[in-house]
Amino acid sequence: MKILGIETSCDETALCILDGSGDLNSPSFSVLGTSLFSQVKIHEQYGGVFPALAKREHAKNLVPLLKNLLQKTNLSKNQTAATAKENLKTEQKDYLKKLLEKEPELFECLDKYIGTIEKPNIDAIAVTFGPGLEPALWVGINFAKALNYLWDIPIVPINHMEGHIVSVLASAQKNITFPALALLISGGHTELVNIPNWTKYEVVGQTRDDAVGEAFDKVARMLSLPYPGGPHISELAEKERKENKNPANKKFSFPRPMIHSHDFDFSFSGLKTSILYKIKELKELTPKIKQEIACEFEDAVVEVLLSKTKKAIEKYSSQSLIIGGGVIANTQIRSSFQKLDAEFPSLKVFVPEMSLTTDNAVMIAMAGYIQIQKDSSTLKTKPETIVAQGNIQL
Ligand code: KG4
Ligand code: ZN
């Protein structure tokens, strides 16, 4: 089954076409092609994602990305200009104009190019409907609705966090066995999710304030590192670990918030504040000091994440641990979690391949496939019922 994935919840405009097969016990995927435009450079100057700008960029880029993707995958022929001209009829134009009232850039692109694209051989469109930035989510949803109207391909609405969970399936060599536990660590979320089987997600712990990725980005800003700060902190911390092999020589010691609490919740704002106070005390922030702070911050994060996850594995007798979200691109966090199966011999640990750690459309298309396997009536979802839900929970 071929699925077009659309992801526009934040600052990546991502499309992909995926071929899925197999049932829920052993799904198998082959990525036919991907097309991505990252807005990171555009938002860098604002030190964070600027929603109105993200929305406009998605609207400008979706149609060219789709054209490029369909060319790459050979799933649709480009039509001659003569045929193309006749393709969009007046009533279609009027319908799309109304649908895309709030996305004039998207309407313009569709009007100009969509007639040159032949209906592709695709069975479903999976689109992120939340959580994320609502204006950005709406562009992806309305794009999916426009394609559904023009090509009559069903839409499956996808929760972005389910996308991060299934992101591990692209490369899973072994089957996920249940109960599974997912640790989701991204720019907007820090969650532990107990998964008795694919049809149930039970959020058992979450952050009470900042998400892990957000803490990385805020600490990076305190150290005058560019946005997004996670990869920069990670690089400095790695350098420090190479230079100082003896942890007893550490200059800084930061708190491990809520490490001893009897629940699975997290808190990272206290850690961030204690770093802020430390920086204020220091006369200057030399490159070496920045490295040392980055390293100790990362150690504190790893310790808290590991400790809470281990407690949850014990409580829920988890057979599989799935880790998803942009922060699992972090080398130290990745390697610390990959070692966990030595401590829990019956546990299988799944981390996504690097290209699927940050936001992408492959995970959205895979989630679409899983959704269809769980309940095929999802293919009958009425497009007009799909709305952006910025704060939707799993
Ligand atoms: O999943 P994601 O792409 O977007 C959200 O859904 O939020 O995650 C983005 C987050 C950012 O906060 C970014 O700084 C963080 O992932 N991140 C990292 C690394 N790479 C990305 N954090 C720590 N170390 C990294 N190597
Ligand atoms: Zn994400």
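Bridges between two residues of the chain, per DSSP, are antiparallel at a rate of about 60%. Between residue 200 and residue 354, full extension at 0.36 nm per residue minus the direct alpha carbon distance yields a gain of 52.8 nm. Surface listing: 116, 331, 13 arranged by accessible area from highest to lowest gives 331, 116, 13, probe 1.4 Å. Checking the Cα-Cα distances for 55/97; 218/290; 239/348 against a 19 Å cut-off, the pairs over it are 239/348.
Note on the stretch 203-258: Cα Rg divided by 2.2 N^0.38 Å, N the number of residues, gives 1.33. In plain terms, the chain from residue 41 to residue 346 could stretch by 105.5 nm, reckoned as 0.36 nm per residue minus the Cα-Cα distance.
In summary, the convex hull built on the alpha carbon positions of the stretch 334-394 has an orientation-averaged projected area of 6.5 nm².
The spread of Cα positions in the stretch 1-110, taken along each principal axis and listed from longest to shortest, comes to 46, 42, 23 Å. Ranking 244, 388, 355 by how far each Cα lies toward the positive end of the dipole of the chain (charges on Cβ) leaves 244 at the top. Axis of helix 51-73 versus longest Cα principal axis of the chain: the two differ by about 60°, to the nearest ten degrees.
Each Cα pair under 8 Å and six or more residues apart adds its separation to the average, and for the chain the resulting relative contact order is 23 percent. Take the Cα of residue 391, step 7 Å toward its Cβ, do the same at residue 379, and the gap between the two points is 3.6 nm. A 1.4 Å probe, protein heavy atoms only, puts the accessible area of residue 49 near 40 Å². For the chain, the longest principal axis of the Cα atoms and the long axis of helix 269-281 meet at an angle of about 60 degrees.
Just the projected area, averaged over all directions, of the convex hull on the alpha carbon atoms of the stretch 203-356: how many nm²?
9.5
In the context of the full set of protein chains, the chain has a per residue accessible area of 43 Å² (1.4 Å probe). In plain terms, the C-alpha convex hull of the stretch 115-233 casts an average shadow of 10.8 nm² when viewed from every direction. Note on surface exposure: 149, 369, 316 rank 149, 316, 369 by accessible area, highest first, 1.4 Å probe. Pairs of Cα atoms in the stretch 85-124 fall into 10 Å distance bins, from 0 up to the last occupied one, in shares of 29, 49, 22 percent. Convex hull volume of the Cα atoms of the stretch 254-338, normalised per residue: 98 Å³. Quick check on my link table: of 200/380; 174/245; 174/315; 245/310, which ones sit more than 29 Å apart, alpha carbon to alpha carbon? Beyond 29 Å between Cα atoms: 174/245. Taken as Cα centroids, the stretch 154-205 and the stretch 234-285 sit 29 Å apart, rounded to the nearest whole angstrom.
When a 1.4 Å probe is rolled over the protein heavy atoms, the share of accessible surface on the chain that falls to carbon and sulfur comes to 51 percent. Please report how far the C-alpha centroid of the stretch 335-394 lies from that of the stretch 292-314, rounded to the nearest whole angstrom. The stretch 335-394 and the stretch 292-314 have Cα centres separated by 23 Å.
Apply the Kirkwood formula to the stretch 320-361: the hydrodynamic radius equals the inverse of the mean of 1/r over all pairs of different alpha-carbon atoms; give it in Å with one decimal.
Radius from the Kirkwood sum: 10.7 Å.
In the chain, the calculated helix contribution to ellipticity at 222 nm averages -13500 deg cm²/dmol per residue, counting -39,500 (n - 2.57) for every DSSP H run with n ≥ 4.
Across all Cα pairs in the stretch 12-54, the calculated P(r) in 10 Å bins from zero up to the longest distance comes to 24, 30, 22, 20, 5 percent per bin. Treating each Cα of the chain as one equal point scatterer and applying the Debye formula with no solvent, the log10 of I(q)/I(0) at q = 0.09 Å⁻¹ comes out as -0.56. Rounded to the nearest 10 degrees, the inclination of helix 104-113 to the longest alpha-carbon principal axis of the chain is 50 degrees.
The values are calculated or read from the model by the stated rules, or taken from the named source; none is laboratory data. The structure displayed is predicted, hence computed values, not measured ones. In this analysis, Cβ positions are derived from the backbone assuming ideal geometry, glycine residues included, and neighbour counts consider all displayed protein chains. The accessibility values were calculated without ligands, DNA or RNA, using every heavy atom of the protein model including side chains. Shrake-Rupley method; radii C 1.70, N 1.55, O 1.52, S 1.80 Å.
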